[in-house]
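Notes follow the structure.
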Amino acid sequence: MKYKIIPVTPFQQNCTLLWCEETKQAVIVDPGGEPAILSKTIDDLGLTLVKVLLTHGHLDHVGAASKMARRYTVPIVGPHKDDAFLLETLAEQSARFGLEHCTAFVPDRWLDEGDTVKFGNVELQVRHTPGHTPGHVIFFSESTRLASVGDVLFAGGIGRTDFPRGDYQALISSIRNKLWPLGNDVQFIPGHGPMSTFGEERMTNPFVADRT
Ligand SMILES: [Zn+2]
Ligand SMILES: [Zn+2]
């Protein structure tokens, strides 16, 4: 599996293309905005988009999901249904944050702990990781040792829990009990900012390092 990070929106959200090298089938994780740039990247790389994947329901992660799904006639997959309340209020979110208007939508498939998502010869594992939002999920490629973790964990930081239905203890538990067991060698793409590894964060992250 290969990947390319495309920062979008004024929040510089790390929209990520993942694709199968053999079949060129691709998924796009968290298309938060700027669909023209995303489409150009997909076309320039010669990829066939087969799914839109969402980690959680915040506007900067889902703003272009409907547009991309319609343009390529592909399903929207994820997040967990506990984020339905966020997807129902996208119009209000876009007005509040001054971002391009986004209408409410319902994904074609909700995800849950233990689910898998397939494209080409690639299989991603799904973990339900509440805390930043109640319906947050992450995607993990066991063979590539790569995780797409949305706003659960950042290099040197963790997701905010001061948004509606945020839960600090749940977030810490998600990181320690759902992410760390995947392995210290796993590289992760966070929702914002640079990549890191779980092992590095277990040593140095001021919020969730093993010694804290
Ligand atoms: Zn978020
Ligand atoms: Zn975010």
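Could you count how many residues in segment 1-35 are over 20 Å from His192 (Cα atoms) and of a type in the set (Gly, Ala, Ser)? Looking only at that region, the number is 1. What are the residues in segment 73-101 that are in contact with a Lys or Arg (Cβ under 9 Å, 6 or more places away or on another chain) and more than 16 Å from ligand 1 (Cβ to nearest atom), if any? Residues satisfying the conditions are Val74, Pro75, Ile76, Val77. Within segment 171-181, being over 11 Å from Arg202 (Cα atoms) and either over 17 Å from the mean Cα position of the chain (by Cα) or not aliphatic (A, V, I, L, M) (or both) holds for Ile172, Ser173, Ser174, Asn177, Lys178, Pro181. Test Ile5 against the stated conditions and say whether it is closer than 28 Å to Ser143 by Cβ, within 16 Å of ligand 2 (Cβ to nearest atom) and either open to solvent by 10 Å² or more (accessible area, probe 1.4 Å) or in a loop (DSSP other than H, G, I, E, B) (or both). For Ile5, the condition - closer than 28 Å to Ser143 by Cβ, within 16 Å of ligand 2 (Cβ to nearest atom) and either open to solvent by 10 Å² or more (accessible area, probe 1.4 Å) or in a loop (DSSP other than H, G, I, E, B) (or both) - is met. A residue that is farther than 17 Å from Gly120 by Cα and free of Cβ contacts under 8 Å to residues at least 12 places away in the same chain can be found somewhere in segment 20-39.
The values are calculated or read from the model by the stated rules, or taken from the named source; none is laboratory data. Nothing here was measured: the structure is a model prediction, and the numbers come from that model. Note: ideal-geometry Cβ built from the backbone for every residue, glycine included; neighbour counts use all protein chains shown. Remember, those area values only see protein heavy atoms, side chains included, never the ligands or the DNA or RNA. Shrake-Rupley method; radii C 1.70, N 1.55, O 1.52, S 1.80 Å.
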